[in-house]
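Engineer: Below you will find the structure I want to go over with you.
The values are calculated or read from the model by the stated rules, or taken from the named source; none is laboratory data. If you're wondering where the values come from, they're calculated on a predicted model, not measured in any experiment. Don't worry about glycine lacking a Cβ; one is built from the backbone with ideal geometry, like all the others, and counts go over all protein chains shown.
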Amino acid sequence: MSIRDIEDIEKLKKINQALISRVERSMDQQRNAFSLFQTAINLENRVRTRTEELRSILRRLEQSNIDLVAAKENAERANLSKTRFLAAASHDILQPLNAAHLSVSALSEVQTCDEGRKLVRQVERSLETMEDLLRTLLDISKLDAGVVEPEISDVALEPLFISLRSDFRPLAAQKGLKLKFRPCNVVVRSDRTMLRRILQNIISNAIRYTRSGGVLVGVRHRAGKIRIEVADTGCGIPEEQREAIFEEFHRAPQATEADLAGGGLGLGLSIVRRMTETLGHPIALSSRVGRGTVFHLELLPTETVSIEPRPTSMGPELPRGYGLFGTRVLLVEDDPEVRQAMTALLERWQCSVRAAASTAETLRALGDTAWVPDIVIADQHLQGGDHGSVTISEVRSHLRRDVPALIVTADMTDEVARIAQKIGVELMRKPLKPAELRALLAHLLA
């Protein structure tokens, strides 16, 4: 039936409405499809844009990482260069400093008036301060550069405490302070030299900033660990200062001139922080202003042992030159000032000295068979690339006997110590302390 055959108007309206609705739905579907198509295209463009942005960011990050790695390598090279420079500079500086020490010591031998002795002592203190500062700066440089390798071993604390007590008892007595070490039969895992340096710096600070009372060093067992505690009755540390005290050249703000009279460069605790981090020994402190401070150092134990404390001799000081009268000393030193100062000092001790600057000169000095050295003192680094250790070996070969020998050097590396141990000679670091040199010579000759 065609539309013309339909006479019912209402029916026609319904048919028309149905057709219109069908057409509208069809158009809506087309519009929706087109809209989805446009949306898909927009999303694809946005994804492409974001992908390019991410690629650009990743390229920048990659370049930043390359730059950071290069900067890190440059910083490490700069640190190592700084360490090498300081090591070389310290050797060059320690040479004249050593000559000054020896000359001042020889000068003190001939002083007859109190004023002269006082001036000599003032010069000695200035030289010691300069030496301490130089050595500490070199230590800090090495620790920062990461070139210090700890030699971890079993360290008995009781002998270490005995040694520290012997070192600091005169200083504490001079200030009227009590210094106590509680006995302990404990062995810990650590580097013996570095651990001693850590405790030495902490105890030194404790004595410096304590005006009355004293310092107590002891050991506690805590959760399977050993905790060394250094407690003092000093001025205390304000809470806001407890991190700053580990920074270089920091001094307690409440310290008086009397507290700092014995030196105090403000570097001791910065060395402590670096060494404890190198060793993995956590360090902490508790303090009350005006009441005192307690430093806590945690270590891992090894075992408990029984150690008999060694008696310390408190006998009178031996007279100058004791045991050295007439001693024939072969001195090998290439620095003219050091050679002259050392010769003058040894001659003041009534020694017979022959000096040389190289291995060849040393062997020529031995041409007189009537003069045979009782002991050889040699600098390690000599003219023309010579080494004192080689010179000593040549002298022993020439004399056909193991004459006692001593290497003196401003070289702070462990390599020199290994060389000295290998050829069986003693080692002393410059600047030399005349009293220590005299005692070691007397011991070797005995």
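Engineer: List every residue pair whose Cβ atoms sit under 8 Å apart, with the two residues 6 or more apart in sequence or on different chains, where the first one lies in segment 411-426 and is of a type in the set (Val, Ile, Thr) and the second, anywhere, is modelled with pLDDT under 85 and not in a loop (DSSP other than H, G, I, E, B).
Structural biologist: Close Cβ pairs satisfying both conditions: 413/87.
One line per residue, one yes/no per condition, for (1) modelled with pLDDT under 85; (2) of a type outside the set (D, E, K, R):
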| position | (1), (2) |
| --- | --- |
| 234 | no, yes |
| 246 | yes, yes |
| 255 | yes, yes |
| 267 | yes, yes |
| 277 | no, no |
| 286 | no, yes |
| 295 | no, yes |
| 298 | no, no |
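Engineer: When you scan segment 144-151, do you find a residue that is more than 26 Å from residue 438 (Cβ to Cβ), exposed (fewer than 14 other Cβ atoms within 10 Å of the Cβ), at pLDDT below 90 and in contact with a strand residue (DSSP E or B) (Cβ under 7 Å, 6 or more places away or on another chain), even just one? Don't jump to the end; show me each part of the working.
Structural biologist: At the first step, the residues of segment 144-151 found to be more than 26 Å from residue 438 (Cβ to Cβ) are 144-151.
Filter once more, keeping what is exposed (fewer than 14 other Cβ atoms within 10 Å of the Cβ): 144, 146, 149, 151.
Applying the additional criterion that residues be at pLDDT below 90 yields 144, 146, 149, 151.
After this cut, where a residue has to be in contact with a strand residue (DSSP E or B) (Cβ under 7 Å, 6 or more places away or on another chain) as well, the list is 151.
Among the residues of segment 144-151, at least one is more than 26 Å from residue 438 (Cβ to Cβ), exposed (fewer than 14 other Cβ atoms within 10 Å of the Cβ), at pLDDT below 90 and in contact with a strand residue (DSSP E or B) (Cβ under 7 Å, 6 or more places away or on another chain), which makes the answer yes.
Engineer: Out of everything in segment 180-204 that is assigned to a strand (DSSP E or B) and among the β-branched types (Val, Ile, Thr), what residue ends up being surrounded by the most Cβ atoms within 10 Å (Cβ to Cβ)? Before the answer, list the steps.
Structural biologist: Within segment 180-204, the subset assigned to a strand (DSSP E or B) is 180-181, 186-191.
From what is left, the residues that are among the β-branched types (Val, Ile, Thr) are 186-188.
Details: 186: 20, 187: 20, 188: 24.
Looking at residues that are assigned to a strand (DSSP E or B) and among the β-branched types (Val, Ile, Thr), I get 188.
Engineer: Another one. When the residues of segment 348-378 are narrowed to those that are in a helix (DSSP H, G or I) and in contact with a strand residue (DSSP E or B) (Cβ under 6 Å, 6 or more places away or on another chain), which ends up farthest from residue 397 (Cα to Cα)?
Structural biologist: Residues of segment 348-378 that are in a helix (DSSP H, G or I), as a first pass: 348, 359-365.
Still in the list and also in contact with a strand residue (DSSP E or B) (Cβ under 6 Å, 6 or more places away or on another chain): 362, 365.
Working: 362: 13, 365: 15 Å.
Restricting to residues being in a helix (DSSP H, G or I) and in contact with a strand residue (DSSP E or B) (Cβ under 6 Å, 6 or more places away or on another chain), the top hit is 365.
Engineer: Considering segment 345-385 alone, what residues qualify as being without any contact (Cβ under 8 Å) to a residue 40 or more places away in the chain, small (Gly, Ala, Ser) and within 16 Å of residue 404 (Cα to Cα)? Write out each step before concluding.
Structural biologist: First, the residues of segment 345-385 that are without any contact (Cβ under 8 Å) to a residue 40 or more places away in the chain: 346-347, 350-370, 380, 384-385.
Those left that are additionally small (Gly, Ala, Ser): 352, 355-358, 360, 365, 367, 370, 384-385.
Result: 352, single match.
Engineer: Under 27 Å from the mean Cα position of the chain (by Cα) and on the phi < 0 side of the Ramachandran plot, is that true of residue 390? Even if it seems obvious, please write down each step before you answer.
Structural biologist: On the way: under 27 Å from the mean Cα position of the chain (by Cα): no; on the phi < 0 side of the Ramachandran plot: yes.
Criteria not met by residue 390.
Engineer: Same structure again: Kindly list the number of the only condition in (1) in a helix (DSSP H, G or I); (2) touching a strand residue (DSSP E or B) at 6+ places or on another chain (Cβ under 8 Å) that fails for residue 215.
Structural biologist: (1)
Engineer: In segment 166-180, how many residues are over 25 Å from residue 274 (Cβ atoms) and free of Cβ contacts under 8 Å to residues at least 40 places away in the same chain? Show your work before the answer.
Structural biologist: Residues of segment 166-180 that are over 25 Å from residue 274 (Cβ atoms), as a first pass: 166, 169-170, 172-180.
Still in the list and also free of Cβ contacts under 8 Å to residues at least 40 places away in the same chain: 169-170, 173-180.
Final tally of qualifying residues: 10.
Engineer: Quick one: residue 418 ticks every box in (1) in contact with a helix residue (DSSP H, G or I) (Cβ under 7 Å, 6 or more places away or on another chain); (2) surrounded by fewer than 16 Cβ atoms within 10 Å (Cβ to Cβ); (3) of a type in the set (Lys, Arg) except a single one, so which number is it?
Structural biologist: Among (1) in contact with a helix residue (DSSP H, G or I) (Cβ under 7 Å, 6 or more places away or on another chain); (2) surrounded by fewer than 16 Cβ atoms within 10 Å (Cβ to Cβ); (3) of a type in the set (Lys, Arg), residue 418 violates only (1).
Engineer: Could you list, in sequence order, the residues of segment 383-403 that are crowded, with 20+ Cβ neighbours inside 10 Å and under 17 Å from residue 329 (Cβ atoms)?
Structural biologist: Those that are crowded, with 20+ Cβ neighbours inside 10 Å and under 17 Å from residue 329 (Cβ atoms): 388, 391, 392, 395.
Engineer: Need the failing condition index for residue 341 against (1) out of contact with any Asp or Glu (no Cβ under 7 Å at 6 or more places or on another chain); (2) modelled with pLDDT under 55, just the number.
Structural biologist: (2)
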